[in-house]
Amino acid sequence: MSASSFIRALKNEGLSVVEVGDWRTHNRNHVGPWGPVHGVMMHHTVTKGTAKTVRICRDGYAGLPGPLCHGVIAKDGKVHLVGYGRANHAGSGDDDVLRAVIAEKALPPDNEANTDGNRHFYGFECENLGDGKDPWPAVQVEAMEAAAAAVCRVHDWNGPSVIGHLEWQPGKIDPRGVSMAGLRRRVDERLSQG
């Protein structure tokens, strides 16, 4: 999917999209391949404030250059596009999980980190402190559902192609406070409605 197809898919799903700088060509493709892409990964940011969150996700920080995802889903449900191509969001994860995502089967426990996830997943960072107390507004969770469904629709994937970082890499907890099983059900329901 091209960057133009990506933004069109998000808008067609009813999302409000904000383009940030040179997002269409802002990536980490020079350090390794992006693709084949097999799924969508959701994260929480551990940040507060949309402007700060978008800046960090676009630029990265010492030791982890940006982009840190493809889109930032803010508390108000807007999707801020910060990169397209390889992004530093997934890190290394479990090859058994990747095989399950490709086959759209139930996920096994993530018990190793032996596979480059930045190559194989679209990533959405969702503005939340990840402390189990910061609320997830309904409009934000709906935007997570719509963004995941938009990508799935283009690739002819279903809900099982959507995972949380906590299901990919041992020790990760994000997106804390959002049921990934519930999100996958919502994505499947949305896709079934055409």
_Residues within segment 27-43 that are part of a helix (DSSP H, G or I) and either among the acidic types (Asp, Glu) or within 25 Å of ILE102 (Cβ to Cβ) (or both), tallied_ = 2
_Unmet requirement for ALA113, which otherwise passes all of (1) within 27 Å of GLY14 (Cα to Cα); (2) in contact with a strand residue (DSSP E or B) (Cβ under 6 Å, 6 or more places away or on another chain)_ = (1)
*Return yes when ALA138 is at negative phi and touching a Leu at 6+ places or on another chain (Cβ under 6 Å) and no when it is not.*
no
*Scan segment 54-65 for residues that are part of a helix (DSSP H, G or I) and open to solvent by less than 40 Å² (accessible area, probe 1.4 Å) and jot them down.*
VAL54, CYS57
*With respect to the numbered conditions (1) closer than 25 Å to LYS133 by Cβ; (2) in a loop (DSSP other than H, G, I, E, B), which one is the sole condition not fulfilled by GLY194?*
(1)
*Taking segment 44-53 as the region of interest, how many residues are part of a loop (DSSP other than H, G, I, E, B) and in contact with a Leu (Cβ under 9 Å, 6 or more places away or on another chain)?*
4
*Within segment 1-26, which residues are open to solvent by less than 40 Å² (accessible area, probe 1.4 Å) and outside any helix (DSSP H, G or I)?*
GLU13, LEU15, VAL17, VAL20, HIS26
*Restricting the search to segment 52-65, which residues are β-branched (Val, Ile, Thr), without any contact (Cβ under 8 Å) to a residue 60 or more places away in the chain and out of contact with any His (no Cβ under 7 Å at 6 or more places or on another chain)?*
ILE56
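The values are calculated or read from the model by the stated rules, or taken from the named source; none is laboratory data. Worth saying up front: this structure is predicted, and the values here are computed from it rather than measured. Cβ: placed from backbone, ideal geometry, glycine included. Neighbour counts: every protein chain shown. Side chains are part of the model used for accessible areas, which takes the heavy atoms of the whole protein and leaves out ligands, DNA and RNA. Shrake-Rupley method; radii C 1.70, N 1.55, O 1.52, S 1.80 Å.
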